[in-house]
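The values are calculated or read from the model by the stated rules, or taken from the named source; none is laboratory data. Keep in mind it's a predicted model, so treat the numbers as computed, not measured. Note: ideal-geometry Cβ built from the backbone for every residue, glycine included; neighbour counts use all protein chains shown. For the accessible areas, the whole protein counts, side chains as well, though only heavy atoms, and no ligand, DNA or RNA atoms are used. Shrake-Rupley method; radii C 1.70, N 1.55, O 1.52, S 1.80 Å.
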Amino acid sequence: MPTKIPLVNLAAQHEALAVEIHAAIDSVIARNDFILGDEVAAFEAEFAAYCGARHCIGVGNGLDALTLSMKGLGIGPGDEVITAANTFAATALAILQTGAIPVLVDHDPETCTLDPRKLSAAITSRTRAIVPVHLYGHPADMNAISAIAVEHNLLVIEDAAQAHGARYRGRRCGTLGRAAAFSFYPGKNLGAMGDAGAIVTDDDDLAQWLRAARNYGSTVKYRHVVRGLNSRLDTLQAAVLRVKLRHLEEWNQARRGVARRYQELLGSCAAALPTARAEVEPVYHLYVIRCPHRDAVLAQLQQQGIGAGIHYPLPIHRQAAFGRGCMIPQPLTVTETFADQLLSLPIGPYMPDEHVQEVALALLAALHSEVADRTSPPHAASVPDGTARM
Ligand SMILES: *Cc1c(COP(=O)(O)O)cnc(C)c1O
């Protein structure tokens, strides 16, 4: 069955803003101002102000935002950088790209973010930084993490790619460490119409280095002061992002509304629903539940045209390309358990309540049939010849 209710509904968002977005793109084309033009500078100023930070430096994507912020802070070969094992590949890849080694730690079962209680055991004399990920749009436990960072003289660099606009004790994600990396991949809470990313920081020296590093190491044409790369925020994307930024607050509010409805409709079901700590204002980039018989439930939802997903099916240390390049100081028991249970339900600012209800009903039915199935007499175990039927 084709997807009726998509996991991420970009079409609804773009339909709502079509006129504004076309006008913004047309004006860039009219000016032929394609590389680091006025729109990039304007977006950087507006996003920095939105976050409450001194600087925003636009770059090509979220992966580069992470890599460059770490390189700009001097992280490189011989260093260890601690992050969570349950995150998108980019967090670990960025650490590896600096030449440092990712050190993977479990997450807190309640918030799905880096567990500060497990940090100290991962710190060695080579540890340089901690990269908390505000996963699914819920801020990490930053006070506890920062206290450990101060004690051990470590940098804190936020992976804020899923947390545009989220708040921790009143402050926006992106202003809770030395620097923060954002992605504007289309499906993010603030998404471009292509690849885009940014670093947000209060550090003047880092900001200056980043402005050069993203542009061949140069701020004055043909004068290269840093061995940089070409990772500029595309000007057309900046124009699109400026339009969308004006809607981010109302979109995040709408996402919280969908989360509330899921809570009302699913409150007493067999799955564990996401919770928000009292000190945070999450932005529900994803609505991730923990679900018994996950794969069977997911298959049932997909059969009914509901675009549920898994974030993430394979934790970092199980990835073929770089899992072995990571260090695992302690068993990742929470990560391992969660990997088989996580299930993301559709969520978005334009999701109508009928869709929320439909997803909730389908989930309740799937849970019911799966749980009933597994608790009925265990035929497989009692097959006389001993061959289990699976
Ligand atoms: C999306 C994402 C990134 C990477 O962003 P790209 O723009 O796709 O490179 C990094 N970290 C997390 C947690 C993400 O969700």
Quiz prompt | Neighbourhood charge, 11 Å Cβ-Cβ cut-off, centred on residue 286 and excluding it, Lys, Arg +1 and Asp, Glu -1 | solution = +2
Exercise. For an R0 of 25 angstrom, estimate the FRET efficiency from the Cβ-Cβ distance between residue 89 and residue 273 and round to the nearest 0.05.
Key: 0.45
Quiz item: So between residue 3 and residue 295, what do we pick up on full extension, going 0.36 nm a residue minus the alpha carbon distance?
Solution: 103.4 nm
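Which order do the peptides 147-154, 3-10 take when ranked by the mean count of other beta-carbon atoms within 10 Å per residue, highest first?
Working: 147-154: 14.8, 3-10: 17.4.
By packing density, highest mean first, the sequence is 3-10, 147-154.
Is the range 1-140 best put as rounded, prolate or oblate by its Cα gyration tensor, with a ≥ b ≥ c the root eigenvalues, rounded for a/c under 1.5, and otherwise prolate when a/b is larger than b/c, oblate when not? Display every interim value, and only then the final one.
Values: a/c = 2.56, a/b = 1.54, b/c = 1.67.
Taking the square roots of the gyration eigenvalues as a ≥ b ≥ c, the range 1-140 is oblate.
In whole percent, how big is the carbon plus sulfur part of the accessible area of the range 10-245, probe 1.4 Å, protein atoms only?
It is 53 percent, rounded to a whole number.
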Quiz prompt | Rounded if a/c under 1.5, otherwise prolate or oblate - the range 248-375, Cα gyration tensor axes | solution = oblate
Practice problem: Can you send over the carbon and sulfur percentage of the accessible area for the range 248-375, probe radius 1.4 Å, protein chains only? | Solution: 52
Quiz item: To the nearest 0.05, what FRET efficiency results for residue 369 and residue 324 with a Förster distance of 41 Å applied to their C-beta separation?
Solution: 0.55
Quiz item: If R0 is 56 Å, what FRET efficiency do you get for residue 224 and residue 340 from their C-beta distance, rounded to 0.05?
Solution: 0.70
Self-check item: Order by protection proxy (mean Cβ within 10 Å, highest first), peptides 234-240, 223-229, 339-345, 30-36
Solution: 234-240, 339-345, 223-229, 30-36
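Could you tally the net charge around residue 143, taking each other residue with its Cβ under 12 Å from the Cβ of residue 143, Lys/Arg +1 and Asp/Glu -1?
+1
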Practice problem: Find out how many positive minus negative residues lie around residue 229, taking Lys and Arg as positive, Asp and Glu as negative, among other residues whose Cβ is under 11 Å from that of residue 229. | Solution: +3
Quiz item: Leaving out ligands, DNA and RNA but keeping every protein chain, what accessible area does residue 22 have, in Å² rounded to the nearest 10, with a 1.4 Å probe?
Solution: 110
Quiz prompt | Intensity falloff of the chain expressed as log10 I(q)/I(0), Debye formula with alpha-carbon point scatterers, at q = 0.11, 0.12 Å⁻¹ | solution = -0.80, -0.94
Exercise. Please identify the helices of the chain, taking whole runs of DSSP H, that span at least 24 Å along their own axis as judged from the Cα atoms and have a mean Kyte-Doolittle score of -0.5 or higher.
Key: 10-31, 353-375
Quiz item: Any idea how far apart residue 302 and residue 314 come out in nm if each label point goes 7 Å out from Cα toward Cβ?
Solution: 1.6
Self-check item: Gained length - residue 125 relative to residue 144, 0.36 nm times residue gap less alpha-carbon distance
Solution: 4.8 nm
Quiz item: If you count the DSSP beta bridges with both ends in the chain, what percent of them are antiparallel, to the nearest 5?
Solution: 60
Quiz prompt | Accessible solvent surface per residue of the chain, calculated while the other protein chains remain in place, 1.4 angstrom probe, Å² | solution = 43
Quiz item: Going highest first, how would you order 81-89, 200-208 by mean Cβ packing within 10 Å?
Solution: 81-89, 200-208
Quiz item: For the residue pair residue 350 and residue 249, what label-to-label distance in nm results when each label sits 7 Å from Cα along the Cα-to-beta-carbon direction?
Solution: 2.2
Quiz item: Gain in length, residue 97 to residue 333, computed as 0.36 nm per residue apart minus the alpha-carbon separation, to one decimal in nm?
Solution: 82.3 nm
Exercise. Determine the calculated [θ] at 222 nm for the chain from helices alone, applying -39500 (n - 2.57) to every DSSP H run no shorter than 4 residues and normalising by the residue count; nearest 500 deg cm²/dmol.
Key: -12000 deg cm²/dmol
Quiz item: Just 305, 62, 197 to compare: in a GNM of the chain, with alpha carbon springs under 10 Å, which one fluctuates most?
Solution: 305
